[in-house]
C-alpha cells in the first residue's frame, strides 16, 4: 500500500551499509597495518610510537613520555618494561635529580626505527592536517556521533591507531614472534 516509500527505505539501507563498510575499512586498515608492523619490526604500534617519542624528545622521563603520548604512566611503564627486556630501551637515573629516571634508546632500537614503516596515525595526521578547518570539524563531529551511537563515548582510548590494549603481552596476542 505504501510502495512509494520503498525507494526511501532502500536508500536508507544503502546508507547504513555504506557507513558500516567505511567503519569496517578503518578497523581493517588499522589491523592490517598493525600486522605489517609486527611482521617487519616485531613491535606493536604503541611500542614504535614510544621509541619514536624517546628518539624525538631525547632525555625523557616516563611521565614526560606519558604526557606526550596521552597514555597513563602505568601503561608507558609496562611498554618500557617489555622494550627493555628486548634490549631496545634502558633506564638511567638522572645525574642531577636522583628521583628522576630517564628512558634511552639502545643502538638496536635506533636501527629498528630506521627500517620501521611509518605508523598509520602519522600518515593519517599528515593528510588530516591538509584538510580545511570545516572538514576537520565535520570529521570530529561525525566520529564523536558514531562513538555515541555505538555506546563507546565513555571507553577510555588514547590517540594511538592500534587494535587491542596498548600494553598487551606479545606472546598472548601473537602480535609478533618471540625474540
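Nothing in this text is a laboratory measurement; each read-out follows from the coordinates by a stated rule. Here the structure is a predicted model, which is why all the values come from computation and not from measurement. Glycine gets a Cβ as well: all are built from the backbone with ideal geometry, and neighbour counts include every protein chain shown.
If you average the C-alpha positions of the range 115-129 and of the range 49-113 separately, how far apart do those two centres end up, in angstrom?
If you average the Cα positions of each part, the centres end up 21 Å apart.
What order do you get for 86, 28 when you list them from fewest to most C-beta neighbours inside 10 Å? Spell out each step's value before the answer.
Working: 86 18, 28 10.
Least crowded to most crowded, the residues run 28, 86.
By counting other Cβ atoms within 10 Å of each Cβ, how are 60, 101 ranked from fewest to most?
101, 60
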